[in-house]
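We did not get these values from a lab; they are worked out from the coordinates using the rules stated. The structure displayed is predicted, hence computed values, not measured ones. Note that each Cβ is placed from the backbone with ideal geometry, even for glycine, and that neighbours are counted across all protein chains shown.
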Amino acid sequence: MSTTTFETLPHKDLVSVANLTGAEIQSVFATAAELKANRDEHNDVLRNKRLAMIFEKDSLRTRFTFDVGIADLGGMAVFMDHRDAKIGSRESIKDVARNLERWVDAIVARTFKHRVVTELAKHCSIPVINGLSDSLHPCQALSDFFTLTEKWGSVRGKRVCYVGDGNNTCHSLINTAVKLGAHITICTPEGYEPNAKVVNEAMIAARDTGAEVRIMEDPREAVEGADAIYTDVWASMGQEDEVEERAGIFHDYQVDEGLMELADPSALFMHCLPAHRGHEVTAGVMDGPQSVVYDIAENRLHVQKAVLVMLMAK
Ligand code: CP
Ligand code: NVA
């Protein structure tokens, strides 16, 4: 039986990392580290708790890690594949929320429209965790920076450079970097920059931590001196029709061995996965010694277990 008293988060939901303070993120990391180090000691923290997982989009990592994660803690998950009938089309989001809260103790939602996550959160009394929306991917960014913290001890003052599309992964990476005092450079082709509101709010948050936020267009200039280079797919789920067009537009934004050489010699390569070798990253970089992609994927489990405990064990 677990004898540890875990800290809780003073929020009902995890919709965006922008809603967390730097101290709260560090507390998630401390909980994740304990759960990772002593898995078997904490296998009853969420005994008999139930997690609903509503996914409008495909998933390997998010689905497996939440499913295995809640089981590790003594609870269980129910998965609802909603790809064919989007949440809110058969019945209102509010009614889905009001039903689910009667049967389960928390919800993980992976949606197209970000509003579906916020509406679910608004209409039910139980925690709602954003498992990726078109706008944000908070669990990913927490795992990204937990992994960097493991590697470096602290991310404060380190330089993370994201090269590619200014998408959901990119937005949550920005949100998290500035809260932790890591410098973040985003390098995209013109027209594919991250959302201006996300960038502006990050710049305000960065004033408290000394983080720098840079938006650039030239990858070779952007990665200079970087301690980590991050990329993601050029066409996200829901943008399948744009795959070919984007392949042309993003051609010069591939993370290859030449680009890695312009960063710090010990720079890490990061990707949320799934990856497309030969597109946003070469096989050599993806499978090379600087790549930490599978460490990040592993840590999705530990970080999300921490989030579950800190939201549900109240
Ligand atoms: N990185 C990530 O969220 O992976 P999945 O889409 O497989 O869940
Ligand atoms: N940007 C990607 C992330 C997948 C984990 C997508 O939304 O498809």
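So who's got an amide H within less than 5 Å of the one on T185, skipping anything under 5 residues away but keeping other chains? H placed 1.01 Å off N, in plane. Distant-sequence amide H within range of T185: V160, C161, Y162, R214.
Helix 168-180: angle to the longest alpha-carbon principal axis of the chain, degrees 0 to 90, nearest 10? Here the helix axis deviates by roughly 90 degrees.
Amide H to amide H distances under 5 Å link I129 with L14, I107, V108, A109, where only residues 5 or more positions off or on other chains count and H is placed in the peptide plane.
Please report, in debye to the nearest 20, how large the charge dipole of segment 132-270 is about its Cα centre when each Lys and Arg carries +1 at its beta carbon and each Asp and Glu carries -1 there. Kindly include the intermediate steps, with their values, before the conclusion.
Details: 10 positive and 25 negative charges, 185 e Å.
For segment 132-270, the charge dipole is close to 880 debye.
About its Cα centre, the dipole of segment 139-182 is roughly 220 debye, where the only charges are +1 on Lys and Arg Cβ and -1 on Asp and Glu Cβ. Rounded to the nearest 10 degrees, the inclination of helix 293-312 to the longest alpha-carbon principal axis of the chain is 30 degrees. Against the longest principal axis of the chain, how steep is helix 61-72, in degrees 0 to 90 to the nearest 10, with axes from Cα atoms? Approximately 40 degrees, to the nearest 10.
Could you state the number of Å between the C-alpha centres of segment 39-107 and segment 141-192? Measuring centre to centre over Cα atoms gives 27 Å. Kirkwood analysis of the Cα pair distances in segment 64-158 returns a hydrodynamic radius of 14.9 Å.
Taking only C-alpha pairs under 8 Å that are 6+ residues apart, what is the relative contact order of segment 159-314 in percent? Relative contact order for segment 159-314 comes out at 22 percent. Note on segment 113-155: semi-axes of the ellipsoid equivalent to its C-alpha gyration tensor, largest first and rounded to whole Å, are 28, 11, 6. With the dipole of the chain worked out from charges on the C-beta (+1 for Lys and Arg, -1 for Asp and Glu) around the Cα centre, which of A247, S92, A275 lies farthest toward the positive end? So the residue we want is S92. Applied to segment 141-148, the Karplus parametrisation 6.51 cos²θ - 1.76 cosθ + 1.60 on θ = phi - 60° returns per-residue 3J(HN,Hα) values of 5, 5, 5, 4, 7, 5, 5, 5 Hz, with x for Gly and Pro.
Ranked highest first by the average count of other Cβ atoms within 10 Å around their residues, in what order do 218-231, 172-185 fall?
Values: 218-231: 20.5, 172-185: 26.0.
Answer by packing, highest mean first, reads 172-185, 218-231.
Compute the normalised compactness of segment 189-299: alpha-carbon radius of gyration over 2.2 N^0.38 Å, N being the residue count. Don't skip to the end; give the middle numbers.
On the way: Rg = 14.8 Å, N = 111, 2.2 N^0.38 = 13.2 Å.
That ratio works out to 1.12.
Remark: relative contact order (the chain) = 20 percent; criterion is Cα-Cα distance under 8 angstrom and separation of 6 or more residues. Projecting the Cα atoms of A263, V223, A211 onto the charge dipole of segment 201-265, computed from C-beta unit charges around the Cα centre, puts A211 farthest toward the positive end.
The phi-based Karplus calculation (6.51 cos²θ - 1.76 cosθ + 1.60; θ = phi - 60°) puts the 3J(HN,Hα) values of segment 130-140 at 6, x, 3, 10, 4, 9, 9, 9, x, 5, 5 Hz, whole numbers, x for Gly and Pro.
Our coupling estimate for segment 89-103, obtained by passing each phi through the Karplus curve with A = 6.51, B = -1.76, C = 1.60 and θ = phi - 60°, is 8, 7, 8, 5, 4, 4, 5, 4, 4, 5, 6, 4, 5, 7, 10 Hz, Gly and Pro reported as x.
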